[in-house]
Amino acid sequence: MQPTVAIVGRPNVGKSTLFNRLVGRRLALVDDLPGVTRDRREGEARLADLRFAIVDTAGLEEADSGSLLGRMRAQTEAAIEDADAVLFVIDARTGLLPTDVPFAELVRKSGKPVILLANKAESRTGIANVYDAYELGLGEPIAFSGEHGTGLDELYDQLRELL
Ligand code: GDP
Ligand code: MG
């Protein structure tokens with residue numbers, strides 16, 4: 001079976017942009033179970049010679065229930081549980097925000113291997129905030145840009161070690 005990688009982080013850090021870059025048009029399936037997994041998107045990712053299933057997790061814009069945070073949290077938790085490795089994404093332009101913390105806690109608690117992506121680091125502001133990510137205690141961040149493709153080589157190297 002193909003290994004599975006989950007993209008995790010608070011809304012608006014660039015998870016879906018990264019998902020789209022890795023999947024291209026090979027969108028495999030959309031889970032349509034009621035409740036927490038409703039917004040989950042899964043596809044077949046390609047990165048050079050690596051092939052893996054990749055799962056995008058919901059942002060605020062995709063969720064609609066009253067207990068929004070509870071649902072997002074449960075959905076993220078389920079995606080992490082099913083994954084062999086996690087890509088944890090933060091926004092290096094804003095730096096760390098309080099809302100990053102509960103998502104990071106879920107990843108840490110799971111004990112799953114994690115790759116830390118300080119996204120939107122294509123600009124000078126972004127790069128200045130990359131090292132904020134150290135505070136999460138999830139290891140060394142990769143200065144990354146899902147939109148521009150910066151850091152894909154490093155992502156490849158780390159994924160190859162894990163998958
Ligand atoms: P998600 O909520 O985590 O899935 O984030 P999205 O992928 O929807 O992106 C949120 C916003 O950040 C959008 O306006 C994107 O265009 C923007 N964005 C995503 N990746 C990058 C990046 O690498 N650099 C910059 N500057 N913007 C990005
Ligand atoms: Mg999204």
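Please state which of the following conditions Val23 fails to meet, knowing it meets all the rest: (1) within 9 Å of ligand 1 (Cβ to nearest atom); (2) modelled with pLDDT of 90 or more.
Checking Val23 against (1) within 9 Å of ligand 1 (Cβ to nearest atom); (2) modelled with pLDDT of 90 or more, the one that fails is (1).
Please work out which residue is surrounded by the fewest Cβ atoms within 10 Å (Cβ to Cβ), limiting yourself to segment 1-10 and to residues that are touching a residue at least 40 places away in the same chain (Cβ under 8 Å) and more than 10 Å from ligand 2 (Cβ to nearest atom). Don't jump to the end; show me each part of the working.
If we filter segment 1-10 for residues that are touching a residue at least 40 places away in the same chain (Cβ under 8 Å), which is where we start, we get 2-10.
When the remaining residues are screened for being more than 10 Å from ligand 2 (Cβ to nearest atom), the result is 2-6, 8, 10.
Values: Gln2: 12, Pro3: 16, Thr4: 17, Val5: 26, Ala6: 28, Val8: 26, Arg10: 23.
Per the criteria, the residue is Gln2.
Counting just the residues of segment 130-150 that are farther than 21 Å from Thr4 by Cβ and within 12 Å of ligand 1 (Cβ to nearest atom), which one comes out surrounded by the fewest Cβ atoms within 10 Å (Cβ to Cβ)? Lay out the reasoning, then the answer.
First, the residues of segment 130-150 that are farther than 21 Å from Thr4 by Cβ: 130-137, 140-141, 143, 145, 147-150.
Remaining after also requiring within 12 Å of ligand 1 (Cβ to nearest atom): 143, 145, 147-150.
Details: Ala143: 20, Ser145: 23, Glu147: 14, His148: 13, Gly149: 11, Thr150: 19.
The residue in question is Gly149.
Could you check segment 92-114 and list, in sequence order, the residues that are surrounded by 14 or more Cβ atoms within 10 Å (Cβ to Cβ), under 15 Å from Tyr131 (Cα atoms) and touching a residue at least 40 places away in the same chain (Cβ under 8 Å)?
Ala92, Leu96, Asp100, listed by residue number.
Only one of these conditions is not met by Val13: (1) modelled with pLDDT of 90 or more; (2) surrounded by fewer than 16 Cβ atoms within 10 Å (Cβ to Cβ); (3) in a loop (DSSP other than H, G, I, E, B). Which number is it?
(2)
Yes/no matrix, rows are residues, columns are (1) under 14 Å from Gly9 (Cα atoms); (2) assigned to a helix (DSSP H, G or I); (3) touching a helix residue (DSSP H, G or I) at 6+ places or on another chain (Cβ under 6 Å):
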{"residue": "Leu69", "(1), (2), (3)": "yes, yes, no"}
{"residue": "Met72", "(1), (2), (3)": "yes, yes, no"}
{"residue": "Ala79", "(1), (2), (3)": "yes, yes, no"}
{"residue": "Gly95", "(1), (2), (3)": "yes, no, yes"}
{"residue": "Val101", "(1), (2), (3)": "yes, yes, no"}
{"residue": "Lys109", "(1), (2), (3)": "no, yes, no"}
{"residue": "Leu116", "(1), (2), (3)": "yes, no, yes"}
{"residue": "Glu161", "(1), (2), (3)": "no, yes, no"}
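Could you list, in sequence order, the residues of segment 36-69 that are more than 16 Å from ligand 1 (Cβ to nearest atom) and either at pLDDT below 75 or among the hydroxyl-bearing types (Ser, Thr, Tyr) (or both)?
Listed by number, the residues that qualify are Val36, Thr37, Ser65, Gly66, Ser67.
Which residue pairs have Cβ atoms closer than 8 Å, lie 6 or more positions apart in sequence or on different chains, and pair a first residue in segment 131-146 that is farther than 28 Å from Gly24 by Cβ with a second residue that is surrounded by 23 or more Cβ atoms within 10 Å (Cβ to Cβ) and among the aromatic types (Phe, Trp, Tyr)?
Leu136/Phe88
The values are calculated or read from the model by the stated rules, or taken from the named source; none is laboratory data. This one's a predicted model, so the numbers in the text were calculated from it and none came from an experiment. Heads up, the Cβs are rebuilt from the backbone with ideal geometry, glycines too, and the neighbour counts pull from every protein chain shown.
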